[in-house]
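Remarks on the structure that follows.
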Amino acid sequence: MAGVRVEGLLKKFGNVTALDHVSLEFEDGQLTVLVGPSGCGKTTLLRIIAGLEDATGGSVFIGHEAVNQVPPWERNIAMVFQSYALYPHMTVFDNIAFPLRARKISKAEVKQRVEQTAALLGLSELLQRKPRQLSGGQMQRVALGRAIVRKPEVFLMDEPLSNLDAKLRVEMRAELKRLQKDLGVTTIYVTHDQAEAMTMADKLVVMRGGVIQQMGEPEEVYSHPRNTFVGGFIGSPAMNFIRCSVDCAEAELHAPDFQCKAPSRFVEALRRRGKDSVILGVRPEDLKVLASFEEGAVPATVYISEPMGKEMLLTVEVGGALAKAITPTNVRPRIGETVWLTFDEACVHLFDSETDEALPTE
Amino acid sequence: MSAKLSHRYRTQYTYLMQTVVTILIAVFCLTPMFYILSTSLKPRGAEYMIPLELWPSKPTLQAYRAVLGIVEEAELASESKGSMVLPADQARIVKSLSFVTPLRNSLIVSSAVAAFSLLISSLSAYAIARLRFRYKIQSLIFLQLGAMIPIAVTIAPTFMLMRSLGLLRTLLAMIIPNIFYNVPMSTWLIACYFAELPFDLEDAAKVDGYKPIQIFWKVIIPLAAPGLFSAGVFAFLGSWGEFMLASAVSMGIPAVQTVPAAMLNFSVQFRYEWTWISAAIILSVALVAFMTLVFQRWVIRGLTAGAVKY
Amino acid sequence: MSRERKWLVGICILVVLATLAACGPTPTPQVIKEKETVVVPVKETVTVKETVVVPQEKTTVTIAYNQYFNMTFGPADPPIVAIKKAVESKYPNIKVELLVTSTEAKTWHDMYTTWFMAKDPTVDILGVGGYWTAEFAEAGWLEPLNDGVAPDVDPKITAKLIPAYLEAHTYKGKLMGLGPWWGGIGGLYYRKDLLEKYGFKPPQTYDDVVTIAKTIMAKEPGMTGWTWSGKKDVALVNRWFEYLYGFGGKYFDDAGKCAMNSPQALAALEYMVNLIKDGISPAEVATWKEEDSMVRFVSGQAIFHTGRQDMLFWLDNPEKSKVVGKWGFIPNPAQPGGRRSGTYEGWAFAISKFSDSKDAALKVLEVMFDFPVQKELNLSQGPVQAHMDVYTDPDVIKNNPNMPLIEEIAKTALAPLSSPQYPEIADILAEEIHAAITGLKAPKAALTDACARIDLATGH
Amino acid sequence: MKIRLREPTIAFLFLLPAFIGVIVFYYYQIVQTGIYSLHNLQHTADWQTQPFVWFKNYATVFRSTYFWQSLRFTVYFTFMATVLELAVGLGMAMATFWVSRWLGGILRAIIIMPWVIPPIINAMIWRWLFHADVGLFGYILVSLGLVDKPPLFLTEPMLAVHSVIFADVWKNSSIMAIFLLGGLAAIPADIYDAAKVDGARSWFRFRKVTLPMLLPTILVALLFRGIDALRTFDLIYGLTGGGPGTVTETLSSFAYKYYFTYGKFGLGSAYAIVVFAIIVGLAAVYLSRIRRNMRFKE
């Protein structure tokens, strides 16, 4: 078992910078999720760790060894691919045994280990089949089996669940997490699905444009997004952002349609900053929708309502922009009706309107 | 009711049309070979009888025995058009021109050519389709442009080259150039097939602990089997039918002649013995035809992968 | 899938085997040049006190000739057998081998070209067409036999050979080969019975032939008038030369330029074309090789046939011929002012410049042209012969009563067109004459083109 | 110490055997032929000892009417053969797709047959079928009452030209069909379904969907066959030997004749280089298509 560390990784494809001096540490035995929109460099980072791409600059350490010059077949890592990359000409057994055979392990042991792995993943019945005779979920398991059978130092998973249907995906991610905890192998998991990232990660790394935006435990990233991008990317539906002007004397925020008190923990920062505009961020689940006016409530027009079973997602027009809110189903406003929004000061996020960085709190 | 009837009528009509089309194509493609086969089964001299028999009333394998050199003097005694050669002499000549040797030579040459050109061109195809390097297109064009050069251009220098290597009158003088006559085409066919394989497979094998050369053998080659087969059949057929070089470097020596060169020799020697020539044709084609029939699905699948899509 | 896999395995095994076979002992060429040491086995007899081991160097001399070396048409051994016997009795340390070439002259010639270009030492003695000697000699591929540098042929041998033919194989004053080994002279075959029936004498001029053929064809339906070989080939060129000289034309003018566009030549070609136009010769002559045209005469379907004398041999054989005793053979006719001429197609034997045992080769060559082998050859194949004594030998005449006829025809032999560019000239003529007789070109245009091309080829 | 090869190095090593072979057996030969063509070589290839004549051999080539005639025939042959092969091959390939599954399987096996026949043997086959007396074709024509006696397929000039073309079409429609079968199989079935749903009938579907999608394959197959047809030698050599006259002489058989029959190496090489130049012209079009459609990893 070993941790993985990358230092100042730089990767350029022609003029395009895919990774811009990324430094990160993946702790031993933890499941780290790299998350970000497509093209953010997360897969590139994974492939550089695997050795499938050469970095333009910087270094990669597995354990304490710098592995820049080590080809993939000599790094003790396992990787699960989005497409599963099962060898179509081999049976399930051969697919799982393939990495073992690379290491010249005795036949008996190969057999024993493959069967053990297959049993662990519920593949015992399928060992003699060819990949094309398997369902998506089964193929996924085989790919996993191929990764775990050889007891690597590191697992690399490149969107391993994205080819599965929604229900299976939810099942598999729990299973995968459980498996990782059982095996205790350092795992780097790449996904673009923030829900998957939140549920699985021991540690979350949010990336954009080849730069790490924020890393930390999922709850921390959720509750303290470092900038508007992280705030918007983590959490579903996305955080609402409203541009406000600041009245420092009154400690008030003025949106086009409404005004509200600045949360007290930000007052100091606002004052120190001395700029007159700020971005207010509120998560839909923190917005409260009222049918009638209350003190401090903001008026909004219902744009569309989407029932989701136990809750309802309401899109409202407020201050010339659209905002989303989650409400209990007992409130059923019609389209075009006016509703009133309030929010808890404690749940409000403020971001610098120029840098998009979160304002510091006291 | 009427709709149902007309549907059934149309299905039957379509089926009939399909059968007719199949038969027409079969007639077009097979008539010449059929007639050659029928001629080869006629007794000596019967091929000149008018009216022509489309199929011999008494098929005989006499011609095949002659072509394979296992004919007896007595069999040759029967009158043959235009021949003034004594049966004893003819038997000797027939034996000396037995088609067994050319068939064996061709088999050796074509198998070796197919095997080695596959080996060489799968390596180069791998480089072109799956490795990163500069001047890739240029490399491919360099190979392909070579294949455009007519053999009439290269035959004389090649002959001189084989001479200076001391390979004239050996099968190697046919094998070595033929390997490279087939490399450009094979490279192209195989490269197109390689290009279709997902790159993840290779990456997966790399992290599974295999070196590129092992990946090449264990993953890429088995997966590209149809493409390789296509290319192999192309190379086999190409060298099986190669005539100009074979006839130049064999220098007329029957012991090292391949089928095409021997065929010409044979047809010159027995200009009127069309039953024999037909039997020789059938023997020269039978093996390759059989082989291609067995593998035809793979041949076509190999081409499907992209070689012809560009 | 599994079915194909089985085949795959099979093919793989085959490939491996084949590759092994190719890498292993390469199939031995029919002829390997080797000096082999023959050890005479020790005889164990009581009387012999000491055992004697005689090591003997055997030199192999390889002769290249076509399948006819393996054949006999008369009461003698095939030539190769006769030569082997004669050589081995005279020179026990020389071993004679035959390398069989193609029977088609063109293929045969091209085969030689490749050998010579490769400077191949395998073949020592080559059968060469009469026309090839100039070409090969010019290229420096043949060993001169009388230039005063060994190996030179024994004058006692050449003294017995017919000088006219030796001259045909002499190039720039040097004797390049001995011949003819097998000679063919063109002449006119006719149906004696039919000509007598309708009161004709054997034709003297080409016009006679037309008159006779037309008359008899009108009365004997189904008869072909005149058959000859018109396939685009040397045989056609040979026929053409006969017409050319028969009408008073010639190959070259004094300056060495092509003279085959003269009015005489045009008359000759027009005559040939008209034969087909008038239906005296069927249009198929343009596709016939010598044997094709001969078959029609032998089977009694033709009144006239132009061809070589070697057909004589089986015209009187009742098994092969339907015209036994009904034929005549005379020199080709000629128009007034023309020469009655038969094209000489001789095969000579020459020694390759690249041979590595020229001396032994010369010994074999001398044996081949000495009387015993020459006589055997005549008995087995009955050609026009190089050795003068053969024509008068009683055994030969007994076997071939037509020998005097042959001698008569042989006198009309036409000196061959001797040029290093002969193959190209022959091709040009074959193409142009063929184009004319198939109606592709007007005779005049064909001859003009032919001469222009020939002059280009010879550099005039 | 471990030597670690980088990808371009591996690529170079992998390409090396093919490159060496192609250089030795094609490019080196071209250079040799080029050198030969500038010398007056008769009956020898030792150009070092023979006179250097600049472009005299080329002048002879271009002055020769027979060069132009054989060029005309070669071009005519190439054009007719490839066009007819395309038509027949396309028909056969479409039929294979149209008929029911098992008939299609049979058809595929049948169509592939002529392809396996070596060209020189193809020539033999047609020599027999076009035989002047007992050839099958003449016989069929006679028994159908179309002609009185079998036509002279190989000696009548116009007939000979087209007989050669026919023999070539018979053999090579097969490879054309195989190529097109490959191309057809590569068209996704979804597109046909979409076209059907969109209401396109079969002929319309063929014209508007199949043909355009097959066009790249057709082009490649045409070029491939065209280049091959320009180089035709074996068929001519075995079937007509260039006759009647020089009517069916191709550029390749001309070059061969100058080498091995006339022993004129210099002139023969000049012929060969001219043939090569013509083919390179066509090849450039062919290769530009490869280039345009490269889908390999860059």
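Data overview
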item	result
Neighbour-limited loop hits for trypsin sites (Lys or Arg not before Pro), the stretch D:184-241 (at most 11 other Cβ within 10 Å; DSSP other than H, G, I, E, B)	D:R201
Rounded to 5, percent antiparallel among DSSP beta bridges of chain C	65
Kirkwood hydrodynamic radius of the protein assembly as shown, Cα pairs, Å	38.2
Using alpha-carbon coordinates, inclination of helix A:136-148 to the longest axis of chain A, degrees	70
1.4 Å probe accessible area per residue over the protein assembly as shown, in Å²	40
Inter-probe distance in nm under a simple model that places probes 7 Å from Cα toward Cβ, at D:V75 and A:A195	7.0
All lysines inside 19 Å of C:K201 as judged from Cα atoms, apart from same-chain residues fewer than 8 positions distant	C:K192, C:K214, C:K219, C:K326
Chain A: angle of helix A:264-273 to the longest principal axis, Cα-based, in degrees nearest 10	90
For the stretch C:294-371, Kirkwood radius (reciprocal of mean inverse C-alpha pair distance, Å)	16.3
Potential extension, A:D257-A:T301 segment - 0.36 nm per residue separation minus Cα distance	14.7 nm
Contact order relative to length of the stretch A:272-362, as percent, for alpha carbon pairs under 8 angstrom and 6 or more apart	38
The stretch A:119-274: C-alpha gyration tensor shape, a/c 1.5 cut-off, then a/b vs b/c	prolate
For D:264-272, mean number of other protein chain Cβ atoms within 10 Å	3
Set of lysines near A:K11 by C-alpha distance (under 28 Å), chain-local residues within fewer than 8 positions excluded	A:K42, A:K203, B:K136, B:K206, B:K211, D:K2, D:K297
25 °C / 0.890 mPa s Stokes-Einstein diffusion coefficient of the stretch B:150-287, Kirkwood radius on C-alpha pairs, µm²/s	138
Using a Förster distance of 22 Å, the FRET efficiency for C:K174-C:D154 (Cβ separation, nearest 0.05)	0.85
10 Å Cβ neighbours from other chains, averaged over peptide B:22-34	6
Residues of the stretch A:75-103 with amide N under 17 Å of a point placed 7 Å along Cα→Cβ from A:S124	A:93
Calculated FRET efficiency for the pair A:A108/A:E220, C-beta based, R₀ 51 Å, to 0.05	0.60
Cα gyration tensor category, rounded, prolate or oblate, for chain D with a/c compared to 1.5	oblate
Projected label distance in nm at B:V20 and B:V268, using a 7 Å step from Cα toward the beta-carbon	4.9
Per-residue SASA entry for C:I303, accessible area with 1.4 Å probe, Å² rounded to 10	0
Theoretical FRET efficiency, 1/(1+(r/R0)^6), r = Cβ-Cβ of C:K277 and B:A286, R0 30 Å, to 0.05	0.05
Cβ neighbours within 10 Å from other chains - mean over B:261-267	5
Where labels lie 7 Å past Cα in the beta-carbon direction, separation of A:I335 and C:E88 in nm	11.3
Equivalent-ellipsoid semi-axes of chain C, from the Cα gyration tensor, Å, largest first	43, 28, 25
Set of lysines with alpha-carbon distance to A:K275 below 23 Å, sequence-local pairs under 8 removed	A:K261
Per-residue [θ]222 nm for the protein assembly as shown (sum of -39500 (n - 2.57) over DSSP H runs n ≥ 4, rounded to 500)	-16000 deg cm²/dmol
Exposed GluC sites (Glu not before Pro) absent: longest stretch of chain C, with sites in DSSP loops and at most 15 other Cβ within 10 Å deemed exposed	C:51-318
Extension gain (nm, one decimal) between A:V267 and A:T17, 0.36 nm per residue minus Cα-Cα	86.1 nm
Sparse-neighbourhood loop sites, trypsin sites (Lys or Arg not before Pro) in the stretch A:46-116 - DSSP loop, at most 16 other Cβ within 10 angstrom	A:R103, A:K104
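The values are calculated or read from the model by the stated rules, or taken from the named source; none is laboratory data. Everything quoted here is computed from the prediction, not taken from an experiment. Cβ atoms come from the backbone with ideal geometry, glycine included; neighbour counts cover every protein chain shown. Side chains are part of the model used for accessible areas, which takes the heavy atoms of the whole protein and leaves out ligands, DNA and RNA. Shrake-Rupley method; radii C 1.70, N 1.55, O 1.52, S 1.80 Å.
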